[in-house]
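Beneath this line is the structure, given in structure tokens, with notes to follow.
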Amino acid sequence: MRRLLALFLAISLLAAACGDDDEGATDEASPTTTTTTTSTTTTAAPAKPEIALLGRGEYTVGVSTITVIDEDRDRPLTVDVWFPLADGTEGDAHRYSFITGDYYESPLAITADASTISTVEPFPLVVYSHGSGGVRFIHSDYTETIASHGYVVVAPDHTGNTAVERIADSSDDSAVIALNRPLDIRAVIDAFVDPTNADTAPFQAAIDGEQVALTGHSFGGFTAYATSAGYENELGRAEADDRIDALIPLAPAVGDGGDNSLLSDDDLARVSVPSLVIVGTDDKTTPVDPNVTRAWELTSSEPHYRLELLAGEHQSFTDLCAYLDFFEQLETPTPIVVETVETMAVEGCSVDDMESTRVQELTNTFAVTFLDSVFGDTEMFTPDAVAIPDDVNYLAK
């Protein structure tokens, strides 16, 4: 259109010039006509600010392992607790140990007990649920980072559905696992907000029991939705836990809504708390469609945020890439452990996958900012207010 307009103006000017030449010079007595051209300058809209990626928070992080017992089910749960440390606390780098004796050493957190927890203020409680065949500390970069920003983070082993049973091929039946998971989360929250619970009492002075979030990966994402909505199968029922104020499902296992689906349309419709769902676009285990698309469409969460990491995979939301690097430092890592990690790590640590460090900084930044927006005075990212990185898809409603 601009080129046609320019051509038209050029022809008009040429015609005018040719007319003057044909008629000869202008008479001196004739009036002179002056044409004034006014140029219009368009002011560009100010550039949106870039998202400030978060690193570690202001607190050094301590890690402690305790046992919580669900008396109703006579079910002991091994629980890791990550917490902000009091100023000046020192200690040895924490080792996340496998039953085989292999371990992964934290680059951030130290082993500590509840006596060293910071008491400058009560911190919100965040509960993490691992994926099927995982372990409570499988995403320690994530849980440690959240704790470093002023949260107490707790994660149980879902007994019967951990890495131990995975390697031993002794996992519980799927229906047992599905019902146990939301009941495990309820038991853990009960323990950490109950002032009479001797196992958790040393932590409770630093926990605000009125501020609770739940996050989880894969089957742990199912667990997050099921705990908030309530869940029922042929073995029993887990009532909805209305103490949960926010959800962060990571690559959640939701299902397609069919007869064998993990969560029905009605289950998802009962979820209303603020939510941030994060997934990798290349996830083959719990693909974006239908797992995230159904959750996005059917839940009534408000506000609701959806973050898709381009070239992210299912195991991008674990520490498996770091495990592979660290195992090279061990003299004789157990072959079956290495083989299991290598097999799982294909979905997250392969050449074409989003770099694990990039996954970490994006996941941690969006998760912490979301939690701060729910429990503090921080504004959550919105696409109309900030420049969204090119390697993510991000929606807000």
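The values are calculated or read from the model by the stated rules, or taken from the named source; none is laboratory data. Treat the numbers as computed from the prediction; the structure is a model and nothing was measured. Note: ideal-geometry Cβ built from the backbone for every residue, glycine included; neighbour counts use all protein chains shown.
In this structure, does Thr369 turn out to be of a type in the set (S, T, N, Q), over 22 Å from Asp283 (Cβ atoms) and modelled with pLDDT under 95? Before you say what the answer is, go through the steps one by one.
Details: of a type in the set (S, T, N, Q): yes; over 22 Å from Asp283 (Cβ atoms): yes; modelled with pLDDT under 95: no.
So Thr369 fails the test.
If I filter the range 252-275 for residues that are under 24 Å from Met380 (Cα atoms), without any contact (Cβ under 8 Å) to a residue 40 or more places away in the chain, in contact with a strand residue (DSSP E or B) (Cβ under 6 Å, 6 or more places away or on another chain) and surrounded by 22 or more Cβ atoms within 10 Å (Cβ to Cβ), do I get at least one hit?
Within the range 252-275, one or more residues are under 24 Å from Met380 (Cα atoms), without any contact (Cβ under 8 Å) to a residue 40 or more places away in the chain, in contact with a strand residue (DSSP E or B) (Cβ under 6 Å, 6 or more places away or on another chain) and surrounded by 22 or more Cβ atoms within 10 Å (Cβ to Cβ).
Does at least one position in the range 98-110 carry a residue that is in contact with a strand residue (DSSP E or B) (Cβ under 9 Å, 6 or more places away or on another chain) and in a loop (DSSP other than H, G, I, E, B)?
At the first step, the residues of the range 98-110 found to be in contact with a strand residue (DSSP E or B) (Cβ under 9 Å, 6 or more places away or on another chain) are 98, 103-110.
Among the residues that remain, those that are also in a loop (DSSP other than H, G, I, E, B) are: 98.
Yes, the range 98-110 contains a residue that is in contact with a strand residue (DSSP E or B) (Cβ under 9 Å, 6 or more places away or on another chain) and in a loop (DSSP other than H, G, I, E, B).
Can you pull out every residue in the range 197-219 that is under 21 Å from Leu85 (Cβ atoms), among the acidic types (Asp, Glu) and either surrounded by 19 or more Cβ atoms within 10 Å (Cβ to Cβ) or at pLDDT 95 or above (or both)?
Matches in the range 197-219: Asp208 only.
Has the range 133-149 got at least one residue that is in contact with a His (Cβ under 8 Å, 6 or more places away or on another chain) and of a type in the set (Ser, Thr, Tyr)?
no
A quick yes/no check of all residues on (1) more than 23 Å from Thr286 (Cα to Cα); (2) in a loop (DSSP other than H, G, I, E, B); (3) in contact with a helix residue (DSSP H, G or I) (Cβ under 7 Å, 6 or more places away or on another chain); (4) of a type in the set (Phe, Trp, Tyr):
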{"site": "Glu339", "(1), (2), (3), (4)": "no, no, no, no"}
{"site": "Val346", "(1), (2), (3), (4)": "no, no, no, no"}
{"site": "Thr357", "(1), (2), (3), (4)": "no, no, no, no"}
{"site": "Leu362", "(1), (2), (3), (4)": "no, no, no, no"}
{"site": "Val374", "(1), (2), (3), (4)": "yes, no, no, no"}
{"site": "Ala385", "(1), (2), (3), (4)": "yes, yes, no, no"}
{"site": "Leu395", "(1), (2), (3), (4)": "no, no, no, no"}
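Can you name every residue in the range 90-101 that is crowded, with 16+ Cβ neighbours inside 10 Å and at pLDDT 95 or above?
If we filter the range 90-101 for residues that are crowded, with 16+ Cβ neighbours inside 10 Å, which is where we start, we get 94, 96, 98.
Within the range 90-101, His94, Tyr96 qualify.
Given the options Ala253, Ala229, name the one that is out of contact with any Asp or Glu (no Cβ under 8 Å at 6 or more places or on another chain) and of a type in the set (A, V, I, L, M).
Working: Ala229 fails: out of contact with any Asp or Glu (no Cβ under 8 Å at 6 or more places or on another chain).
From the options Ala253, Ala229, the qualifying one is Ala253.
Just need a number here: residues in the range 348-370 that are more than 16 Å from Asp141 (Cα to Cα), buried (at least 21 other Cβ atoms within 10 Å of the Cβ) and touching a Gly at 6+ places or on another chain (Cβ under 9 Å).
The qualifying residues number 1.
Any chance the range 151-158 includes a residue that's touching a Pro at 6+ places or on another chain (Cβ under 6 Å) and of a type in the set (Phe, Trp, Tyr)? Walk me through it before giving the result.
Taking the range 151-158 and keeping what is touching a Pro at 6+ places or on another chain (Cβ under 6 Å), we get 151.
From what's left, of a type in the set (Phe, Trp, Tyr): 151.
Yes, the conditions are met somewhere in the range 151-158.
Taking the range 309-344, which residues are among the hydroxyl-bearing types (Ser, Thr, Tyr), under 23 Å from Asp169 (Cβ atoms) and crowded, with 22+ Cβ neighbours inside 10 Å? Before you say what the answer is, go through the steps one by one.
Applying the first criterion (among the hydroxyl-bearing types (Ser, Thr, Tyr)) to the range 309-344 yields 316, 318, 323, 332, 334, 340, 343.
Next cut, under 23 Å from Asp169 (Cβ atoms) only: 318, 323, 334, 340, 343.
Matches in the range 309-344: Thr318, Tyr323.
Can you tell me which residue is nearest to Val254 (Cα to Cα) among those in the range 281-333 that are among the charged types (D, E, K, R) and in a helix (DSSP H, G or I)?
Going through the range 281-333, the residues among the charged types (D, E, K, R) turn out to be 282-284, 289, 294, 297, 302, 306, 308, 313, 319, 325, 328, 331.
Retained after the next criterion (residues that are in a helix (DSSP H, G or I)): 289, 294, 297, 325.
Details: Asp289: 10, Arg294: 8, Glu297: 12, Asp325: 32 Å.
Residue satisfying both the conditions and the ranking: Arg294.
Give all pairs with beta carbons closer than 7 Å in which a residue from the range 111-123 that is closer than 15 Å to His94 by Cβ meets a residue that is surrounded by fewer than 15 Cβ atoms within 10 Å (Cβ to Cβ); count only pairs at least 6 apart in sequence or on separate chains.
Pairs found: Thr111/Asp92.
Cβ-Cβ under 7 Å, sequence separation 6+ or interchain: first residue in the range 76-98 and on the phi < 0 side of the Ramachandran plot, partner among the acidic types (Asp, Glu) and in a strand (DSSP E or B). Which pairs?
Between residues of the range 76-98 that are on the phi < 0 side of the Ramachandran plot and residues that are among the acidic types (Asp, Glu) and in a strand (DSSP E or B), the close pairs are Leu77/Asp70; Ala93/Glu105; Arg95/Glu105.
Out of the residues in the range 148-170 meeting the condition of being surrounded by fewer than 17 Cβ atoms within 10 Å (Cβ to Cβ) and small (Gly, Ala, Ser), tell me which one is modelled with the highest pLDDT.
Ser170
Going through the range 134-187 one residue at a time, which ones are farther than 30 Å from Leu85 by Cα, of a type in the set (D, E, K, R) and part of a helix (DSSP H, G or I)? Please lay out each step first, then the result.
Initial filter on the range 134-187 (farther than 30 Å from Leu85 by Cα): 160-161, 164-180.
Subset that is of a type in the set (D, E, K, R): 165-166, 169, 172-173.
Passing the criteria: Glu165, Arg166.
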